[in-house]
Amino acid sequence: MSRLRGAASAATRRLLSDLRTDRYLKYILLAVVLLAGFYFWHRIPNFATWDEHNRVLDPLVAYSSVLSNPTPVGIHEGVSWGRAPFGATFYVYAIAVLPVVLAAVLSGNVEAITGIGFPADTYAHYPVWASTPEWVWTWSLLFVRLTNVLFAAVTVYLVYRLGTELRNRWTGRVAAVLLTVTFGFLKLAKEGGEDIPATMCLVLTLLYLLRYLRTGHRRQFYLASVAGGVAIAFKLTVAPLVLLFVLAFALSARTEEGTWREVLWEPRFLLKGAGIGAVTILLGFPTALVGHIDLVAIRIGGGAGRTGTAVGPTAPLWWWFLRTYVSAFGWPLLVGTAGGVVGAVATLRRLAPETLRTPAPEFDERLLLVAVLGCFWLLFSTFHDFRVHHLLPTVPVLMVLLADWLWLLRDRRRQVGRVLTAGLVVSSALYAGVGVGMYASMPRDEATEWLSENADEDATMETYYHGFLENAIPHDMRINPIWRGMDDPAVEACPTYIQVGYKELLYLQDIPDDQRGYDIDSRVDERARYIRALLDSEYNYEIVAEFGDRPPNFVPSRAEPGSLRDLVPLGINPHSDQYGDEQELRVNQYVAILEHSGSCVADRTPPW
């Protein structure tokens with residue numbers, strides 16, 4: 001523990017020294033805070049993603065259990081509750097929402113927390129969201145998202161340090177700037193989840209491994225084991241980090257004196273590093289600390305089985321890689337990072353040692369970073385599909401390699417290097433700036449505001465899809481509980497409003513089944529007929545308000561799986577179409593509010 005405190009003190013001194021030495025650094029950190037923090041409150045008190053919904057609810061349920069039953073049993077039941085044990089995010093967000101819990105207790109409103117209880121998974125736990133005071137969700141989400149903004153700023157600084165130690169301050173500065181203007185990175189900083197903190201810990205791990213390669217000090221290896229264990233505890237798909245430890249050890253050992261057997265046979269050292277990492281991972285799962293190792297094992301096994309899960313349409317692997325990176329980067333930065341990878345490989349060939357035992361520190365350090373990309377790309381090549389938050393761990397590394405290549409280009413052809421660097425920064429800043437600025441006018445936020453201002457207090461609205469968080473719903477508005485069945489007395493045959501969103505419109509697409517996402521592949525014909533009849537006023541509902549851009553004839557146009565041409569717009573418009581559990585941006589947030597007029601069509605049966 002004293003060593004960790006020493007490392008933290010050293011890091012603080014390093015930060016202060018860097019701020020004094022590099023006059024640009026404070027502006028870079030200010031920029032990432034402003035960009036990541038701009039409209040970070042979007043959708044509040046609703047959730048931005050399913051991941052955020054789960055991560056915020058878990059610690060609140062635990063607090064509710066402990067306050068209702070302040071015994072070991074209450075702790076055990078509260079921590080064990082949840083869709084799955086999500087690891088270290090539980091600790092972070094338990095701290096983030098603690099001020100809300102304390103405010104409830106100290107103000108005499110403890111029932112606002114104890115009332116959460118152990119909610120049933122009905123329409124994404126809608127009943128508990130609606131019955132819990134709005135301020136609980138508002139402030140909980142604000143604190144949770146602010147932690148991610150902070151983590152994003154720390155990640156940018158760590159990338160600065162990584163580039164600086166790899167080459168020089170110019171490289172670190174450019175890498176940090178490029179990450180700051182990467183829209184996919186900024187987007188994920190505007191939601192609660194494990195992706196940003198896991199990536200932050202991954203970059204810290206690489207920084208320690210880089211220092212271990214340079215100095216050979218085993219303390220750096222052990223610190224890397226702690227940071228890597230925390231990263232994996234945040235997000236299991238960061239597990240390829242383990243291979244990097246093996247590589248770092250082999251690269252460090254190859255230049256030491258002695259036979260291969262002598263330099264590689266270090267069982268005590270390796271077992272200590274592996275043990276530190278394993279214990280850190282285990283402690284990172286609070287479910288394990290209350291005795292549910294089995295749930296953690298199921299979680300890890302479930303993560304390993306994720307590779308065959310089809311979330312998006314069936315398409316070639318290259319299409320998913322290109323689609324994901326181009327929507328996160330925009331075309332100029334994507335081309336630039338591709339050049340950076342090619343340049344890194346060329347640099348490795350130039351720096352390659354004459355023999356395996358010849359010292360070549362610059363080669364070793366760059367090989368480690370290139371290996372990061374190789375490990376993660378190999379992992380995701382086994383997936384059916386993936387999204388930006390899956391590939392996020394590779395983004396900081398890509399920026400460092402790009403900055404390193406730009407320095408070499410600038411060193412050899414100064415004017416070309418300066419122009420190319422400026423062009424990448426400006427074009428990426430425009431792409432990210434437009435994407436961030438669009439958060440100020442999001443369809444679901446605007447629809448929620450319209451309903452709050454125009455709907456009567458006793459009005460009921462009907463919404464579809466899998467959960468309330470995928471719709472525009474004021475916290476105090478009654479939702480028609482059609483999940484109970486249309487014969488239930490609480491269900492209105494003809495509610496005042498019906499909301500139709502982008503996802504409902506996806507059923508109107510006439511495409512092969514293998515091109516549909518997993519979330520729109522059931523009861524397709526039945527739901528398509530119902531949505532079309534609803535929009536054609538067959539049930540006496542008329543559109544009274546629309547938010548976002550209506551697709552032609554209400555039929556969305558998605559990029560054809562495997563089509564390169566259809567991917568071109570995704571690198572131009574940052575708020576492009578997303579699949580699955582990714583944060584839904586402007587294109588995916590189209591909302592139509594339909595109001596009932598005329599007689600009630602009593603035999604209306606929504607197929608949801």
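Structure summary
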| item | result |
| --- | --- |
| Condition check for Val491: β-branched (Val, Ile, Thr) and surrounded by fewer than 16 Cβ atoms within 10 Å (Cβ to Cβ) | no |
| Subset of region 479-510 [under 21 Å from Ser522 (Cα atoms) and part of a loop (DSSP other than H, G, I, E, B)] | Pro481, Gly485, Met486, Gln509, Asp510 |
| Answer from Val372, Val434, Val345, Val416 - the residue that is outside the structural domain of Asp476 (by the TED database) and closer than 28 Å to Phe40 by Cβ | Val434 |
| Extreme residue, most open to solvent (accessible area, probe 1.4 Å), among residues of region 595-608 that are at pLDDT 90 or above and within 28 Å of Gln515 (Cβ to Cβ) | Thr605 |
| Members of region 228-240 found to be of a type outside the set (S, T, N, Q) and more than 17 Å from Leu270 (Cβ to Cβ), listed by number | Val230, Ala231, Ile232, Ala233, Phe234, Lys235, Leu236, Val238, Ala239, Pro240 |
| Flag for Tyr208 being farther than 20 Å from Trp407 by Cα, in contact (Cβ under 8 Å) with a residue 12 or more places away in the chain and assigned by the TED database to the domain that holds Arg20 | yes |
| Conditions (1) under 25 Å from Asp121 (Cβ atoms); (2) among the β-branched types (Val, Ile, Thr); (3) part of a helix (DSSP H, G or I); number of the one not met by Ile473 | (3) |
| Sole exception among (1) open to solvent by less than 20 Å² (accessible area, probe 1.4 Å); (2) modelled with pLDDT under 95 for Arg145, by number | (2) |
| Residue match in region 571-580 (condition: open to solvent by 70 Å² or more (accessible area, probe 1.4 Å) and within 27 Å of Cys494 (Cβ to Cβ)) | no |
| Top-ranked residue in region 524-547 [being of a type in the set (A, V, I, L, M, F, W, C), at pLDDT 95 or above and over 23 Å from Ala455 (Cβ atoms); ranked as surrounded by the most Cβ atoms within 10 Å (Cβ to Cβ)] | Ala528 |
| The listed residue being surrounded by 18 or more Cβ atoms within 10 Å (Cβ to Cβ) and within 28 Å of the chain's Cα centre (by Cα), out of Val32, Val66 | Val32 |
| Tally of residues being surrounded by fewer than 16 Cβ atoms within 10 Å (Cβ to Cβ) and among the hydroxyl-bearing types (Ser, Thr, Tyr) across region 117-137 | 2 |
| Breaking point among (1) more than 30 Å from Leu351 (Cβ to Cβ); (2) open to solvent by less than 20 Å² (accessible area, probe 1.4 Å); (3) not hydrophobic (A, V, I, L, M, F, W, C), for Gly163 | (1) |
| Region 205-250 - residue that is open to solvent by 40 Å² or more (accessible area, probe 1.4 Å) and of a type outside the set (A, V, I, L, M) and, of those, farthest from Pro361 (Cα to Cα) | Arg219 |
| Residue match in region 448-464 (condition: closer than 25 Å to Trp50 by Cα, open to solvent by 30 Å² or more (accessible area, probe 1.4 Å), in the same structural domain as Asn573 (by the TED database) and not in a helix (DSSP H, G or I)) | no |
| All positions within region 251-267 that are open to solvent by 20 Å² or more (accessible area, probe 1.4 Å) and touching a residue at least 60 places away in the same chain (Cβ under 8 Å) | Thr255 |
| Search result, residues across region 519-538 that are without any contact (Cβ under 8 Å) to a residue 12 or more places away in the chain and either within 18 Å of Ala493 (Cα to Cα) or over 30 Å from the mean Cα position of the chain (by Cα) (or both) | Asp525, Arg529, Ala533, Asp536, Ser537 |
| Wholly enclosed helices (runs of 4 or more DSSP H) of region 321-430 bearing at least 1 residues exposed (fewer than 15 other Cβ atoms within 10 Å of the Cβ) and aliphatic (A, V, I, L, M) | 331-351, 361-380 |
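Residue by residue, here is whether (1) open to solvent by 50 Å² or more (accessible area, probe 1.4 Å); (2) over 26 Å from His466 (Cα atoms); (3) without any contact (Cβ under 8 Å) to a residue 40 or more places away in the chain; (4) in contact with a strand residue (DSSP E or B) (Cβ under 7 Å, 6 or more places away or on another chain) holds:
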residue	(1), (2), (3), (4)
Ile44	no, no, no, no
Phe47	no, no, no, no
Trp50	yes, no, no, no
Pro72	yes, yes, yes, no
Ala104	no, yes, yes, no
Gly108	yes, yes, yes, no
Gly115	yes, no, no, no
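The values are calculated or read from the model by the stated rules, or taken from the named source; none is laboratory data. All values derive from a computational prediction rather than experimental measurement. Cβ coordinates were reconstructed from backbone atoms using ideal geometry, including for glycine residues, and neighbour counts include every protein chain displayed. Please note that ligands, DNA and RNA were not included when accessible areas were found on the heavy atoms of the full protein model with its side chains. Shrake-Rupley method; radii C 1.70, N 1.55, O 1.52, S 1.80 Å.
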